[in-house]
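A short write-up of the structure that comes next.
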Amino acid sequence: MMTLSRRQALVLGGSALALAAFPLAAFAQDATQAARAFIEQSAAQVRAEATQVKAGGNARSQFARRFADSFDAEALSRAVLGTRWTALSPAQQKEFRAAFESWVAKSYADRFYTYAGQPMTIASAEPAAGGMVLVKTRVTMPGSSNQTMVDWLVSNTTGAQRIADVTIDGVSLTRTQRDEFASVINANGGDVTKLTAMLEQRAK
């Protein structure tokens with residue numbers, strides 16, 4: 001029976017580990033490329049519709065459709081509530097998510113088309129925690145040579161590319177809203193349903 005030297009065993013072991021890791025590396029690369037392509041395509045669609053949206057004054061309704069198609073509302077809802085999300089019943093989670101989506105559409109539509117409707121270049125795309133991909137972009141604002149950094153966190157938990165967070169010049173949507181919502185919840189004795197009611201009111 002042939003025996004292997006320690007050196008041969010190490011070489012073979014290292015080769016086996018490399019082969020085992022190759023599919024994971026290839027998968028990560030595919031996911032990164034898919035996320036990058038998703039952001040590029042989404043940005044192109046938004047730029048194409050931005051002028052018409054602003055002229056027609058329908059930024060909110062158009063953004064609501066774009067939000068439903070391109071954003072991971074489930075991940076966003078979980079992120080802005082943090083540990084409080086799991087304490088809600090399925091019905092309460094559904095109510096919060098609906099109120100949150102309506103509020104986001106009203107609050108962020110104009111800002112979304114201001115940034116997403118401008119020329120954009122992708123700086124990088126890299127794996128992030130939870131199997132997501134962070135796509136870093138630079139947006140050139142009108143009348144300025146300065147570029148704004150806009151980072152898109154892309155998830156694929158539903159089998160489709162979705163935006164799970166947006167960070168503009170270091171300010172994260174989910175982090176900002178989580179802090180603001182926590183203050184509202186704490187002021188109401190930890191009652192998340194009061195926050196849901198507030199969002200519903202402000203979304204009108």
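When the listed pairs 94/194; 54/106; 54/136 are checked against a 19 Å cut-off, the alpha-carbon distance exceeds it for 54/136. As an equivalent ellipsoid, the stretch 7-202 spans semi-axes of 34, 25, 14 angstrom, where each value is the square root of five times an eigenvalue of the C-alpha gyration tensor, largest first. Report note on the peptides 62-71, 174-183: ranked by the mean count of other C-beta atoms within 10 Å, highest first, their order is 62-71, 174-183. For the stretch 7-202, the relative contact order is 22 percent, taking Cα pairs closer than 8 Å that sit 6 or more residues apart in sequence and dividing their mean separation by the residue count. Within the shell defined by Cβ-Cβ distances under 14 Å, the residues around residue 144 carry a net charge of 0, with Lys and Arg each +1 and Asp and Glu each -1. Other residues with beta-carbon under 11 Å from the beta-carbon of residue 110 carry, at +1 per Lys or Arg and -1 per Asp or Glu, a net charge of +4. Under a Cβ-Cβ cut-off of 14 Å, what is the net charge of the residues other than residue 98 that fall near it, where Lys and Arg count +1 and Asp and Glu count -1? Neighbourhood net charge equals +1. The Cα center of the stretch 42-85 and the Cα center of the stretch 164-179 differ in position by 14 Å.
Throughout, read-outs are computed from the coordinates displayed, never taken from laboratory work. Everything numeric in this text was worked out from a predicted model, so none of it was measured. Every residue, glycine among them, receives a Cβ derived from its backbone with ideal geometry; neighbour counts consider all protein chains shown.
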